[in-house]
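One structure below.
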Amino acid sequence: MPMTRAPAVSLALSLLAAPMAPAQETGAAPGDPERGKIVYRTLGNCVSCHGWAADGKAGVDLRAPTGPDLRETALDEASLTEVIRCGRPGTAMPYHDRAAYRDDRCYGLVMADFDDAGKPVRGKTFGEADLASLVAYLQARVIGQGKPTREDCAEFFDNPAAKACSNLK
Ligand code: HEC
């Protein structure tokens with residue numbers, strides 16, 4: 001990718017190219033997958049519901065993961081960003097933007113629009129750069145990657161001896 005292009009130009013080009021090429025190639029998501037992994041693993045606590053491999057089952061600390069398999073998700077970059085930012089009101093999927101439902105940035109709704117049972121759940125919150133990195137991580141290393149391997153596991157924990165990896169091939 002040419003690095004000398006002015007940001008505005010490369011943004012325009014990446015918008016033109018967006019339907020054809022994955023985000024990592026167009027530069028549409030400035031996120032850093034390695035940072036995104038840390039957000040997934042620790043800051044965002046996604047592991048507690050989706051598992052380390054995001055397959056909704058291969059968790060180590062979890063007895064009963066409740067999140068679905070993200071390796072198989074059909075969501076694109078914009079939808080991933082939205083669901084992580086805003087959560088899914090009425091389900092356990094929490095929102096991660098601290099201003100969500102204070103203004104109407106999420107689905108045009110504010111907290112007062114929900115009854116008690118349907119209120120969105122607040123998760124760990126983090127900023128825009130971390131959100132972009134998290135989405136970049138999911139797109140680069142999780143979605144469409146098939147069954148998680150021992151190598152994926154060692155890489156995820158930055159530790160080949162991680163206990164969670166011992167029963168994987
Ligand atoms: C408290 C448990 C919980 C936590 C924590 C959690 N999720 Fe979820 N997540 C869920 C559940 C449950 C759903 C399914 C919601 C539904 O029924 O639509 C979901 C759905 C999703 C979806 C939509 C998948 C699809 O194909 O529709 C994405 C993407 C997602 N979660 C990513 C994340 C990320 C990234 C994090 C960490 C920042 C995270 N989740 C944290 C429980 C959780």
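Model label sites at residue 151 and residue 99, defined 7 Å from Cα along the beta-carbon direction, differ in position by 4.3 nm. Expressed as a fraction of 2.2 N^0.38 Å, the value expected for a compact globular protein of N residues, the C-alpha radius of gyration of the range 31-165 is 1.05. Of the peptides 93-104, 31-42, 131-142, the order by per-residue mean of other Cβ atoms within 10 Å, starting with the highest, comes out as 131-142, 31-42, 93-104.
Partners of residue 163 within straight-line reach, counting aspartates and glutamates whose Cα lies under 15 Å from its Cα and excluding those fewer than 8 residues away in the same chain: 61, 151, 152, 155.
Bridgeable lysines around residue 124 (alpha carbons under 19 Å apart, same-chain partners fewer than 8 residues away excluded): 37. Extension gain for the segment residue 112 to residue 72, taken as residue separation times 0.36 nm less the Cα-Cα distance, is 11.0 nm to one decimal.
In a fully extended conformation the segment linking residue 92 and residue 57 would gain 11.0 nm over its present Cα-Cα distance, using 0.36 nm per residue. The amide H of residue 87, built 1.01 Å from its N in the peptide plane, has 96 as neighbours under 5 Å, considering only residues 5 or more places off or on other chains. Residue-wise HN-Hα couplings along the range 145-161, as the Karplus relation 6.51 cos²θ - 1.76 cosθ + 1.60 with θ = phi - 60° gives them from phi, are 8, x, 5, x, 9, 4, 5, 4, 5, 4, 5, 4, 8, 6, 7, x, 9 Hz; Gly and Pro carry x.
Where a number appears in this text, it was derived from the coordinates with a stated rule and is not lab data. Quick caveat, the model's predicted, so the values are computed rather than measured. Here Cβ is always computed from backbone atoms with ideal geometry, including for glycine, and neighbour counts include all displayed protein chains.
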